[in-house]
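> Shown below is the structure under consideration.
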Amino acid sequence: MNKIKALFSKKDMETVSVKEVDEIRQEEVIKEMVPRFKEQFELNDYKLLCKVGEGAFSKVYKAVPLNTTIAKNHKHVAVKIINKDNLHEKEQKEDSNVGKTTTRQQVLKEVSIHKLISSNCENIVQFIEFKETRSNYYIVQELLDGGEIFNEIVKYTYFSEDLCRHVIRQLGLAIRHLHSMGVVHRDIKPENLLFNPIAYQPNETPKLRKSDDPNTKVDEGVFIPHVGGGSIGIVKLADFGLSKQIFQTNTMTPCGTVGYTAPEVVKDENYSMKVDMWGVGCVLYTMLCGFPPFFDDKIDVLTEKISKGQYTFLKPWWDEISDGAKRCVRKLLEVDPHRRYDIEQFLQDPWLNSFDCEKVAQQVQRKKSRAHARMPPHVDTSLLYSPAAVAMRDAFDISNAVQRIEQEKKRNLLTSLNEDSELLGFTATTGLDDRMFQLRLNSSTIVKRRKHKQELLANK
Ligand SMILES: Nc1ncnc2c1ncn2[C@@H]1O[C@H](COP(=O)(O)OP(=O)(O)OP(=O)(O)O)[C@@H](O)[C@H]1O
C-alpha cells in the first residue's frame, strides 16, 4: 500500500487514474501471493503463475517479472526451469535421451547459443536472462502466448496452404538467421514452433477437403496475408538445447527427435546445416496433411524409412494439395544432403512465394461441392482426419519410442489384436505398400495426453 500512498502524495487526487492504482494493487497482490510451485522458493525476481509447457528435462512457467527493468519491457515472461536433481535422475534412467541437455556445461551452452542468436531476429524466441540457484537453472525468455504450432495442427487437423506458407516462411527466416551465425538447431519440430495469437476470424463457408469429416473438422477461419490465419500470428523458433555452433565443420553427435531426424543423422554420418532443412520438410509435410511423413511404431522400421527417404503423398489426404507444395516438400525431403534445398533456395521456392489466397479459396470451394460424391464408400471417415496428429509427439519422442518398443516386446501379439477397441488403426486403400502408412495408434496414449492437457489447464 505504500506505493499507492506515495502515488497520491506525488499527484493530487484528480490526476491519479484508476489504472495506475490498479496496476500497483496487482503488483502488490502478486508479490504477496503464496508460492504455488516448489520451483518458486529459490526464485525471487519472478512470480510463477502457471505451467505452460514441459520438456524432457524442464518445466516452463508463465511468470511476472518483479524486477522493474525487465517488467518495463515484458508484462509476462516464460521461465524454463531445469531441476538439477531430476536431470541427474533422468540421465541415469533414460540413456535414450542421449544428446539432450544434461550437464551444467550443456545448459550453459544452450544459454550462450540462445543469447547469441536471439537478438535481431523476430522469429526466434527472445532470450531475457539466465539464473542458477542451488537446485535449479532458470532460462528466462519472452512468453509466446499462443503455445505450440503442434497443438494448432491437432486442433485444425491440417493447415491451408496459405497458413502453411505463413508458418514455414517464418521458420525459414529463423533458420536463415541461425545458419548465418553458424548455428544448427537440430531439433526442428512443431512442438518447438511457438506463436503469438491473433483474433480468430470465422469463415462464412468453412473450407473442407474430401478427407475431412464435416462434423468434426474445425475450420481455420479467414487467412489474412502477412498477418496470419487460425489464431496464428507471429511464429518463433524455440528450444536451443540441441543447437550447436558448427561453422564449416561437420558434426557427428546423434540428436533430434526420431521422426524428424535427417537420414544422414540416423545413418550416423557426418552432417551439416542441411539437417535443419530436412526438419523443415517434415514440419511442412505434417502441416499440409496432418500427419508426419515418416511414422512407425517400431523404431528400427522408422529409422529404415528415414534413411531411404520412404515417404508418399498419401491418397486421399494429399489429393487437393498443390503440385507446388509437393515439389517444395520433395526438395526438402531429399535424402542426399547435397541435393536438398539449403535455406536460401528454400526461401526462393516458387510455391513459398506464391500467395494466392483468392485462387486457393475458389479451388477449395469448387472441390468442396464435389467432395462427398468422390468419397470412396469403403473409407471410414471417422479415421481419416488424422488421429496421427494427436499421437505425433509420442511417436517422435525418442524416449517414448523406446518405451513403446519395450511395451511391444512384453505384449503378446494375440492379446494386442484382441484389444481392437483400444487400437485406432487405418490402412490406406490404394495400391501403395500398406506398411508405409499403416498407423496403429494406441488410444490409451491419446487418453493419457488428453488427461495431461486437462491437468495443465486446471493448473492455469
Ligand atoms: N517462450 C515460451 N513461451 C511459451 N511457451 C514456451 C516457451 N518456451 C517453451 N514453452 C513451452 O514449453 C515446452 C517445453 O519447452 P522446451 O522445448 O524449451 O523444453 P525442453 O526441455 O528443451 O524440451 P524438449 O524435451 O523438447 O527438448 C515447449 O514445447 C512449449 O510448449
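Readers should treat all values here as calculations from the given coordinates under stated rules, not as data from a laboratory. All figures in this text were calculated on a predicted structure; none of them were measured in a lab. A quick note on method: Cβ atoms are made from the backbone with ideal geometry, for glycine too, and the neighbour counts reach across all protein chains shown.
> Quickly rank 56-64, 107-115 as a protection proxy: mean count of other C-beta atoms within 10 Å, highest first. Intermediate results must be reported in sequence, preceding the final value.
On the way: 56-64: 21.1, 107-115: 18.8.
Packing order, densest peptide first, comes out as 56-64, 107-115.
> For a footprinting-style exposure proxy, rank 340, 330 by other Cβ within 10 Å, fewest first. Working shown, then result.
Values: 340 23, 330 16.
Fewest to most other Cβ atoms nearby, the residues stand as 330, 340.
> With a 10 Å radius around each residue's Cβ, average the other Cβ atoms per peptide and rank 225-236, 279-290, highest first.
Working: 225-236: 19.9, 279-290: 25.7.
By packing density, highest mean first, the sequence is 279-290, 225-236.
> Still on this model: Taking 32 Å as the cut-off for C-alpha to C-alpha distance, list the pairs among 51/155; 207/298; 109/274; 62/315; 38/109 that go past it.
207/298; 62/315
> Still on this model: Do you know the relative contact order of segment 40-142, to the nearest whole percent, from alpha carbon pairs under 8 angstrom that are 6+ apart? Don't jump to the answer; show the numbers that get you there.
On the way: 152 pairs, mean separation 25.4, N = 103.
Averaging sequence separation for qualifying contacts and normalising by length gives 25 percent for segment 40-142.
> Could you sort out which of 80/131; 80/236; 308/331 sit more than 18 Å apart by Cα distance in this structure? Spell out each step's value before the answer.
Values: 80/131 10 Å; 80/236 16 Å; 308/331 15 Å.
None, as every Cα separation is 18 Å or less.
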